[in-house]
Amino acid sequence: LPLLTVFRLERAEGAARRAGLSTQPIWRKLWDDVMKTRPPNSENITCWRKKFLETFFSNVLHGVLDVSSDWRLNDHHFSPLLHSSPHVSQLTLCNMLQGAVELTAEHNQKVLENLAGSLQILKFQHLLSSDQSIRRSLVLLLHRLIHHGSVSQVSMYSWPVPDTVLLVLILSMSAGFWRSGNALAYHSSPCGLCRGEDKVQSQDLAQERAERGRSDEREWSDGENPKRSPRAPEEANAAVSRCGADDRLNSVLSGLRSPPLRNQTCSEASSKVPCDHTGIQGGSHCISDQLSCHPILRKTRRRLKSAVGKKRRCLRRSRGPYADPEDLYDFVFTVAREDNSGLLDKNSATEVENAENWTSSSPGSLCTGHAGCKKRGGSAGVFPLKAAHRFRSVSTLELFSIPLTGETCRTLSNLLSSWVSLENLVLSYNGLGANIFCILSGLRALSRHSDCHLRVVRVSDVFSHMPCMELVCCILSAFPQLHTLSVSFDLKNQLEGNRPEGNPSCSEAEIPESCLEQLEIRFPREPLHTTFLLPVLKASKSLQQLSLDSATLPCSQELGLLLEVLRECNPNLRKLSFHDVNLAEHQKEVLLLLQDPVLQEITFSFCRLFESSTTEFLSEIINTVKRNSSLKSLKLPGNRLGNHRLIALADIFSEDSSSSLCQLDVSSNCIKPDGLLEFTKKLEGHIQQRGGQIQFTHLRLFQNWLDQDAETAQEALRRLKAVCSVVNDSWDSSQAFADYISVM
């Protein structure tokens with residue numbers, strides 16, 4: 001097996017498995033020899049075959065790896081992209097999207113088909129502006145992988161100056177929107193999968209209506225005129241033909257009434273005349289000729305023709321099979337006024353006109369969250385939902401470090417308003433500012449759909465434009481079905497108190513009983529007022545994890561009230577974390593938490609626990625943990641333990657202890673090699689006294705001063721690793737101290 005090429009090793013995988021042989025060591029060696037890097041989280045990799053082939057695909061696609069550089073990769077039977085594509089579950093496209101161009105090339109059609117079945121996560125990173133031909137390739141790629149594929153997550157990272165057209169295009173197609181007629185048909189024929197699905201649906205509907213017509217005819221013949229002969233076969237065929245035309249007409253007219261809200265496959269109406277009337281759902285089809293065949297609808301035809309004529313002219317037939325380059329811009333940046341045209345039903349138009357603030361946004365209506373969102377006609381950022389078909393959409397959207405302008409936020413808000421398949425939404429460092437109200441507008445509109453699937457929301461940014469607890473209450477009041485909610489801000493906006501007009505405070509909103517299981521709040525140095533937090537906790541009976549970060553405690557009673565509510569209202573709470581919260585004066589509350597019989601994981605991270613404490617406080621902590629048999633993990637990073645306190649913590653595992661502690665985190669605690677060695681010796685003694693029966697399995701030692709005596713540190717780590725799993729790093733304490741002094 002070691003002498004096989006990648007192609008033959010892959011072919012031999014099944015035979016090796018049947019013979020009880022594992023190829024994992026060979027794939028791991030291939031990784032080391034070819035990739036020459038250590039993958040992140042390598043200890044969690046369960047299948048090196050998949051890891052190698054997935055990374056191999058990406059490196060070949062982006063030109064990072066030359067297959068001729070290693071004989072094991074250079075096999076004339078082996079097509080690198082084709083044979084590795086079935087193993088690719090996540091793919092990253094970057095820079096100028098060269099990967100998208102390559103994958104949509106004609107010679108890689110089979111590769112793209114494989115990816116449509118295997119790819120689940122599609123990532124974009126460090127994107128640059130692209131020309132029209134690259135966007136065409138991206139459109140085809142997204143349509144195949146999302147609309148007709150299995151991609152369930154789209155993530156975008158690090159795009160300091162995003163190309164608005166490209167960004168909105170990715171967002172809209174991720175949400176399942178695409179206008180697939182002439183305006184975006186970059187090949188001479190529409191998508192084959194769309195045509196096939198449309199043909200099958202049309203045939204099924206035509207057959208169903210024909211059978212219904214025959215049934216009605218028989219009932220009429222039997223009841224009214226028993227002597228009337230059955231309909232001739234040719235008449236039945238004519239009926240089927242008429243029903244098919246009716247189906248196409250109904251498809252067009254139903255599109256004019258309201259956009260579909262669920263994921264669905266392409267259902268394009270057929271048309272013989274290549275027209276482009278934006279502002280009509282399914283706007284890529286001219287319906288005039290279809291309507292002219294139906295006398296009963298001629299009046300409707302005249303009305304629609306008049307309205308459409310004022311909006312757009314048909315594309316000139318001389319343009320050929322390719323779309324005008326400006327059509328993509330029209331698709332993404334059609335003015336909002338089209339949503340208010342006479343082509344909308346009366347109720348939808350009324351909803352759009354009456355949307356005055358984010359608390360009353362209607363699904364699919366324009367965002368009017370603040371002054372910057374109140375633009376109607378001419379707003380370049382509003383996505384024309386009425387002009388596009390709805391396809392399958394992704395369930396997870398993540399945007400990391402991508403600035404979102406007001407126009408982009410309005411587009412995203414409108415997309416969110418009907419994105420019922422969305423389960424996970426992550427908006428991280430997008431510079432939202434006052435545009436947070438625009439996002440909330442779309443989310444509140446989405447919450448009104450009974451089939452909304454949103455379960456995870458994570459919002460983080462540098463500046464907060466509204467108090468953290470107010471944002472938490474806003475989201476939870478609209479989405480009591482959320483399982484995870486994370487709100488994180490670094491700094492408080494000095495203009496936070498200036499609330500945009502039309503956006504009343506929702507911190508006083510009633511919080512319904514929720515399904516929340518995980519709540520994470522990072523306060524930008526805000527006081528932790530339990531007045532707003534306690535109602536959220538009382539409504540979250542299923543809460544299992546709570547994390548409070550960078551909050552200040554205005555008085556000692558606040559923490560006591562918090563712990564009381566947690567005991568009474570959150571019986572399922574298993575993990576509690578405090579980070580960068582000064583608990584130096586709250587020793588009583590700390591001990592109460594450590595003796596809680598329900599909590600399994602407690603974190604006091606950079607909480608200054610021992611800043612003003614005595615030796616008695618440390619002894620009380622140790623004795624409390626020794627008596628608590630439910631606590632499994634204790635994390636104490638950044639609390640200035642030092643050598644003497646670390647050595648004392650070894651008594652948690654003494655012979656008279658009933659502790660079940662498995663994990664201990666003492667990172668960033670000024671621990672030196674000699675102190676770690678003494679802790680190890682003391683721990684070994686307790687284990688020997690207990691006959692080797694100990695549940696302690698993991699010790700974390702990141703960013704301690706172990707580089708001051710490398711020999712002693714190595715001895716301590718060697719002896720510790722015989723007892724438990726140790727995770728540490730090669731940290732330069734002198735450089736870290738210099739950096740600390742430089743920023744003081």
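The values are calculated or read from the model by the stated rules, or taken from the named source; none is laboratory data. Quick caveat, the model's predicted, so the values are computed rather than measured. Virtual Cβ from ideal backbone geometry, glycine too; neighbours counted across all protein chains shown. SASA here: full protein model, heavy atoms, side chains in, ligands and nucleic acids out. Shrake-Rupley method; radii C 1.70, N 1.55, O 1.52, S 1.80 Å.
Quick notes on this one:
- Helices (runs of 4 or more DSSP H) fully within the range 53-131 counting 1 or more residues that are over 15 Å from Arg144 (Cβ atoms): 80-84, 98-103
- Condition check for His77: in contact (Cβ under 8 Å) with a residue 40 or more places away in the chain and surrounded by fewer than 19 Cβ atoms within 10 Å (Cβ to Cβ): yes
- The number of residues in the range 627-639 that are open to solvent by less than 10 Å² (accessible area, probe 1.4 Å) and of a type in the set (Ser, Thr, Tyr) comes to 1.
- Looking across the range 640-663 at every residue that is touching a Ser or Thr at 6+ places or on another chain (Cβ under 8 Å) and not in a helix (DSSP H, G or I), the one that is surrounded by the fewest Cβ atoms within 10 Å (Cβ to Cβ) is identified as Ser658.
- For the range 110-118, the condition holds for no residue, the condition being that it is touching a Phe, Trp or Tyr at 6+ places or on another chain (Cβ under 6 Å) and charged (D, E, K, R).
- Filter result for Arg17 (more than 19 Å from Ser85 (Cα to Cα) and loosely packed, with under 11 Cβ neighbours inside 10 Å): no
- Residue within the range 93-115 that is of a type in the set (Gly, Ala, Ser), closer than 20 Å to Phe7 by Cβ and at pLDDT 90 or above present: no
- When the test is whether a residue is part of a loop (DSSP other than H, G, I, E, B) and open to solvent by less than 50 Å² (accessible area, probe 1.4 Å), Leu543 passes it.
- Any hit, the range 81-96, residues being buried (at least 20 other Cβ atoms within 10 Å of the Cβ), small (Gly, Ala, Ser) and without any contact (Cβ under 8 Å) to a residue 60 or more places away in the chain: yes
- Put simply, of Glu568, Glu558, Glu564, Glu616 the only residue that is assigned by the TED database to the domain that holds Asp651, acidic (Asp, Glu) and outside any loop (DSSP other than H, G, I, E, B) is Glu616.
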